[in-house]
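First the structure, in the form of structure tokens, and then the observations on it.
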Amino acid sequence: MIRTATPADIPVIHTLVRELAEYEKAPAEAKASPDQLHEALFGEHPAAFAHIACDDTTGEPVGFALWFLNFSTWRGVHGIYLEDLYVRPTSRGGGHGKALLTELARICVERGYERLEWSVLNWNTPSIAFYEALGARPQDEWTVYRLTDGALRTLGARA
């Protein structure tokens, strides 16, 4: 079962983000607080959206997808950028990840968005195989760049 996240889901989303960071071997990088997640998802100007995957029997949350809109100047329409997709290890193989991606694809089609994009760590071969089995293809010609922390502040101070 996939449902749109509500403000009551903030504690579980925060926990799932922390679990994802552990899985990706970067727990110190996950610094977002529950208050920050609440503001981003449910504040006056939401910057992101989330869906929760629930166990079909218990209804308990077992995974989530957190996403936001991007825009393609080449296609002239929005798309979805999937920031995080995570299903707890004990619930993997139950179709929750596929259901989350299917819901995001449905939203894209319904709203006329032409892209659903995300990044995956190169070492995460189980996820890569899963994504490719759904028809996703890597964009090998592109390299992701990121400015954070001191480098971001230094560049921003030049303005």
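Of all residues in region 110-131, those that are open to solvent by 80 Å² or more (accessible area, probe 1.4 Å), free of Cβ contacts under 8 Å to residues at least 12 places away in the same chain and either outside any loop (DSSP other than H, G, I, E, B) or β-branched (Val, Ile, Thr) (or both) total 3. Residue pairs whose Cβ atoms lie under 6 Å apart, sitting 6 or more positions apart in sequence or on different chains, and linking a residue in region 17-45 that is touching a residue at least 24 places away in the same chain (Cβ under 8 Å) to a partner that is of a type in the set (A, V, I, L, M, F, W, C), are VAL17/ALA30; PRO34/ILE10; LEU37/ILE10; LEU37/ILE13; HIS38/ILE10; LEU41/ALA48; LEU41/ALA50. If you go through region 132-159 and keep only what is open to solvent by 100 Å² or more (accessible area, probe 1.4 Å), hydrophobic (A, V, I, L, M, F, W, C) and under 21 Å from GLU29 (Cα atoms), you end up with just VAL144. When LEU66 is tested against (1) open to solvent by 90 Å² or more (accessible area, probe 1.4 Å); (2) part of a strand (DSSP E or B), exactly one condition is not met: (1). The set of residues from region 78-109 being touching a residue at least 24 places away in the same chain (Cβ under 8 Å), in a helix (DSSP H, G or I) and of a type in the set (A, V, I, L, M, F, W, C) comprises ALA99, LEU100, LEU101, LEU104, ILE107, CYS108.
The values are calculated or read from the model by the stated rules, or taken from the named source; none is laboratory data. This structure is a prediction, so every number in the text was calculated from the model and none was measured. We place every Cβ from the backbone using ideal geometry, glycine too, and count neighbours over all the protein chains shown. Side chains are part of the model used for accessible areas, which takes the heavy atoms of the whole protein and leaves out ligands, DNA and RNA. Shrake-Rupley method; radii C 1.70, N 1.55, O 1.52, S 1.80 Å.
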